[in-house]
Each structure stands twice: as C-alpha cells, then as structure tokens.
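Trainee: Next up is a structure, given as structure tokens.
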Amino acid sequence: MVSFERMRTVEAIDPVAMTMTVQAGVPLQAVHAAAAEHGLIYAVDLGARGSCTIGGNISTNAGGNSVIRYGMTRDNVLGLEAVLADGTIVSSMNSLLKNNAAFDLKQLFIGSEGTLGLVTRAVLRLRPMPTSEATAILAVSDFDNLKSVFGLATKRLGSLLSSFEVMWRDFYELVAIESGRHQPPLAAGHNYYVIVEATGTDGARDAALVEAMLSECLEQGFAKDAILASSKTQRNAIWAIREEVEALIKALVPGAIFDVSLPLPKMQDFVDDMKAALRVEWGDQCRSVVYGHIGDGNLHIIVSPRPWSEEARRRAEEIVYTPLKDVGGSMSAEHGVGLEKRAWLHVSRRPEEIALMKQLKAMLDPLGILNPGKVL
C-alpha cells in the first residue's frame, strides 16, 4: 500500500501565470484556501473537498459542481509528475497553457486510477476569483420545461453560468423535508428542483441577469416557483440541500450508488424506464433518488431495495447500467471504475478500446503491481 498523506505541501503559486504546484496529498480544500490568498480559485470543487486529495482527484479525473463552466480535473491540470512501476520518474511538470510538443503524457495518468503510474506532484491551472455569485432555486413541473430552463439559462447567462444542478422530487423531499435537517426554500410537490448559479465580477449586474432569467422562466411557464438567494447564508442553505450526505445514508444505505452520464434528450426516458423496472422487481420495497449535474449530463442515482443483498445489488446494477449502451451513455461519469464497476466497462467502451487499454497497462506495468485488479 502506498499513501500520500504526508505529501501535503503547496510548493509554489504563480499569481501572474495563475498556476499552483502541489504535492499529491494536498487536500482539495487546502488548494482552494491557498489560491484564495492570491485572489484566485482552483475551479474543481466537490462536496468531499475537505477529505479528498489532489492526487485522488487527478487519478479519477474528478468533476464536481462547476464542470459546466470550468471542465473536469483534466481541464485544470497543466502538468504532473508520476512514478512508473519500474521506479522511473516521469516529470512532465508543464506550466504552459500551450504545449503541443508531441504526446501530452500527463493525460495517460489523469483518470487512470493509479493503474499506469503513481501521481506525486502536479501543476494546477488557477482562475481569477469571481467577486460575485447569484444563486437561485426553481421548481419545475416536467422534463420538457426543465430543458427549456437550461436552454434559457445558458442563453441569458452565457459564460457566467457556473452550475446547473437538478434534484428530482424524490431527492428533494427526502433531504429538504423528510430529514428535518433543512429549512426547505420551496414547497414539496414539484417534480424537479433546479439550482442555477452565475459567478462574475459585478454583483448587481449578475443578480439582475439571474433575476431577469427567473422572471422569464416564470412568465413562459417553464418554472412554477423560484427564489433568488439574497445573502450568503441563503445561498449556502440551498447548496447544503444538494450536498447533503447524512440524510441519504440514513435513509438509503445499504444501497447501490451510481454515477452515470448520458445525453440530455435521453435522460428522462432513462429515469422513467429505470423507475418502472425497479417497481417491477421490488414493488414498493425499493426506494431510489436521482439528482446530478444536468448541465454536463451527469446523474447520481441511489437504489435501495429491501431486503438488501448482493444479488439485489447485482440486479440494480443490471437495471441501471444495461440501457446506457443503447443511448451512448457512460457507466462512470466522474467517480471512476475501480473494482465495483469493472464488470460493466463494456457498456461504455468498445472491445477495441478495452484491448488498447490492456496493451498500455501491460507495457507500463508488466507485473501488474499498480492498483492490481482495478479498472481492467
């Protein structure tokens, strides 16, 4: 076992070039804090920011809440250092935005879950810190209107749009109301609850743009209700519902947890078919919730059948994963493959792709000592 817990140093920050050099064990939250001291941000952000590390984020190509604007981890790493299975240190610590000198070797290691090499250091791309944020939550009745809200938000907010998160009714009512842990900003009974956030440099302008977008959504009938956060406290309360973990664990664990992606036009049929299959299999003895980063096509799903068993897990996986192949979806949007999803890789990758992956693995790790058994 190899641990990077003691490699927690932020080695350098260049506030002009907007880069940060870090060791692999630095927690994501520490990276955010170090960047903030210079009026900058590292744009990858997720609920586990306090415990996850940069090395882990790189190895799984983590996504999070701001992918729609800033991209995945892959889009925010300029260079890295990795140790190969034979001990060779590959130092590709590039700090340039443009470097097209042959193969971009860092991409071999980003998202490969430690199976091709151990990431030890990285050069991260930073961005100017937004000085304003306008956050709203909307209630929407059906998926066609949800798509209309997304289209209007992207059109009216443009590059200011940083998050477009959707909570299906089952998620919102469990977390915001049933759990008793939150003050629900909107009433129960709507099919979808949407968080829209715009970040920029002019607070009054940005809030006005979001408010105008909300008004248009209500006037056009795309949304049934909407609230624009009037303070940081209200903003944090809205996001606390979306990032809730304890209520989900209490109600749904043990259960099967999924992280899939698929084209937006196919999404509602996929969810409806999944819910129908779960009812056929378990009737009212199965609870499920759906939520996710709809702006980038990523759904998080938790399926909790009773009684719970490994056979129930296998059947839930079959119900969720199998339809993805026909709609061009992915069985892992941002959480990696590891051991649990390995048997389902064929849903998202063709045999030729998997064969090439195995060739790369055999070349870089012929003895199979790096994260053995993972991914492939």
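Trainee: Within the stretch 295-312, count every residue that is closer than 24 Å to A333 by Cβ and in contact with a Phe, Trp or Tyr (Cβ under 9 Å, 6 or more places away or on another chain).
Mentor: The qualifying residues number 9.
Trainee: From the list L116, L157, L186, pick out the single residue that is over 20 Å from the mean Cα position of the chain (by Cα), farther than 26 Å from V44 by Cβ and either among the hydrophobic types (A, V, I, L, M, F, W, C) or outside the structural domain of K232 (by TED's automatic domain parsing) (or both).
Mentor: That would be L186, the only listed residue that is over 20 Å from the mean Cα position of the chain (by Cα), farther than 26 Å from V44 by Cβ and either among the hydrophobic types (A, V, I, L, M, F, W, C) or outside the structural domain of K232 (by TED's automatic domain parsing) (or both).
Trainee: Of all residues in the stretch 192-213, count the ones that are over 23 Å from N145 (Cα atoms) and aliphatic (A, V, I, L, M).
Mentor: Counting residues in the stretch 192-213 that are over 23 Å from N145 (Cα atoms) and aliphatic (A, V, I, L, M) gives 1.
Trainee: Among the residues of the stretch 250-257, is there at least one that is in a helix (DSSP H, G or I), crowded, with 17+ Cβ neighbours inside 10 Å and not aliphatic (A, V, I, L, M)?
Mentor: Checking the stretch 250-257: not a single residue is in a helix (DSSP H, G or I), crowded, with 17+ Cβ neighbours inside 10 Å and not aliphatic (A, V, I, L, M).
Trainee: Give me a count of the residues in the stretch 268-305 that are of a type outside the set (V, I, T), under 22 Å from the mean Cα position of the chain (by Cα) and outside any helix (DSSP H, G or I).
Mentor: 9
Trainee: Under 6 Å between Cβ atoms, which residue pairs at least 6 apart in sequence (or on different chains) link something in the stretch 10-39 that is under 22 Å from P130 (Cα atoms) with a partner that is charged (D, E, K, R)?
Mentor: Matching pairs, first to second residue: T21/E11; L28/R49; Q29/R49.
Trainee: Looking only at the stretch 229-249, which residues are assigned to a loop (DSSP other than H, G, I, E, B), buried (at least 20 other Cβ atoms within 10 Å of the Cβ) and within 18 Å of the chain's Cα centre (by Cα)?
Mentor: Of everything in the stretch 229-249, just one residue is assigned to a loop (DSSP other than H, G, I, E, B), buried (at least 20 other Cβ atoms within 10 Å of the Cβ) and within 18 Å of the chain's Cα centre (by Cα), namely E244.
Trainee: Here's something else I'd like to know. Can you work out which of the residues in the stretch 284-308 that are touching a Ser or Thr at 6+ places or on another chain (Cβ under 6 Å) and not β-branched (V, I, T) is surrounded by the most Cβ atoms within 10 Å (Cβ to Cβ)?
Mentor: Looking at the filtered set, the residue picked out is N298.
Trainee: From E334, E340, E281, grab the single residue that is crowded, with 19+ Cβ neighbours inside 10 Å, within 27 Å of V253 (Cβ to Cβ) and among the charged types (D, E, K, R).
Mentor: Being crowded, with 19+ Cβ neighbours inside 10 Å, within 27 Å of V253 (Cβ to Cβ) and among the charged types (D, E, K, R) holds for just one of E334, E340, E281, which is E334.
Trainee: Oh, and also: Out of all the residues in the stretch 50-64, is one or more over 30 Å from I369 (Cβ atoms), free of Cβ contacts under 8 Å to residues at least 24 places away in the same chain and within 22 Å of the chain's Cα centre (by Cα)?
Mentor: yes
Trainee: Here's another thing I want to ask about it. Is it the case, given these coordinates, that P265 is in a loop (DSSP other than H, G, I, E, B) and outside the structural domain of T154 (by TED's automatic domain parsing)?
Mentor: In short, no.
Each row is one residue, and each column tells you yes or no for (1) closer than 23 Å to E133 by Cβ; (2) hydrophobic (A, V, I, L, M, F, W, C); (3) assigned to a helix (DSSP H, G or I).
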residue	(1), (2), (3)
D170	no, no, yes
I177	no, yes, yes
A187	no, yes, no
V196	yes, yes, no
A207	yes, yes, yes
V210	yes, yes, yes
F222	yes, yes, no
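Trainee: When you scan the stretch 157-168, do you find a residue that is touching a Leu at 6+ places or on another chain (Cβ under 8 Å), surrounded by 15 or more Cβ atoms within 10 Å (Cβ to Cβ) and within 24 Å of I257 (Cβ to Cβ), even just one?
Mentor: yes
Trainee: Does V149 satisfy the criteria of being under 16 Å from V196 (Cα atoms), touching a Cys at 6+ places or on another chain (Cβ under 6 Å) and not hydroxyl-bearing (S, T, Y)?
Mentor: For V149, the condition - under 16 Å from V196 (Cα atoms), touching a Cys at 6+ places or on another chain (Cβ under 6 Å) and not hydroxyl-bearing (S, T, Y) - is met.
Trainee: If F171 passes every condition in (1) farther than 19 Å from R242 by Cα; (2) under 19 Å from the mean Cα position of the chain (by Cα) but one, which one does it miss?
Mentor: Here F171 clears every test but (1).
The rows are residues; the columns are (1) in contact with a Gly (Cβ under 8 Å, 6 or more places away or on another chain); (2) more than 20 Å from A62 (Cα to Cα).
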residue: I294; (1), (2): no, no
residue: L345; (1), (2): no, no
residue: L364; (1), (2): yes, yes
residue: L367; (1), (2): no, yes
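Trainee: Scan the helices (runs of 4 or more DSSP H) fully inside the stretch 306-371 and keep the ones with 3 or more residues being over 23 Å from the mean Cα position of the chain (by Cα) and either without any contact (Cβ under 8 Å) to a residue 24 or more places away in the chain or at negative phi (or both).
Mentor: By residue number, 310-321, 351-364.
The values are calculated or read from the model by the stated rules, or taken from the named source; none is laboratory data. Since the model is a prediction, treat every value here as computed from it, not as a measurement. Here the Cβ is made from the backbone with ideal geometry for all residues, glycine too, and neighbour counts use every protein chain on show.
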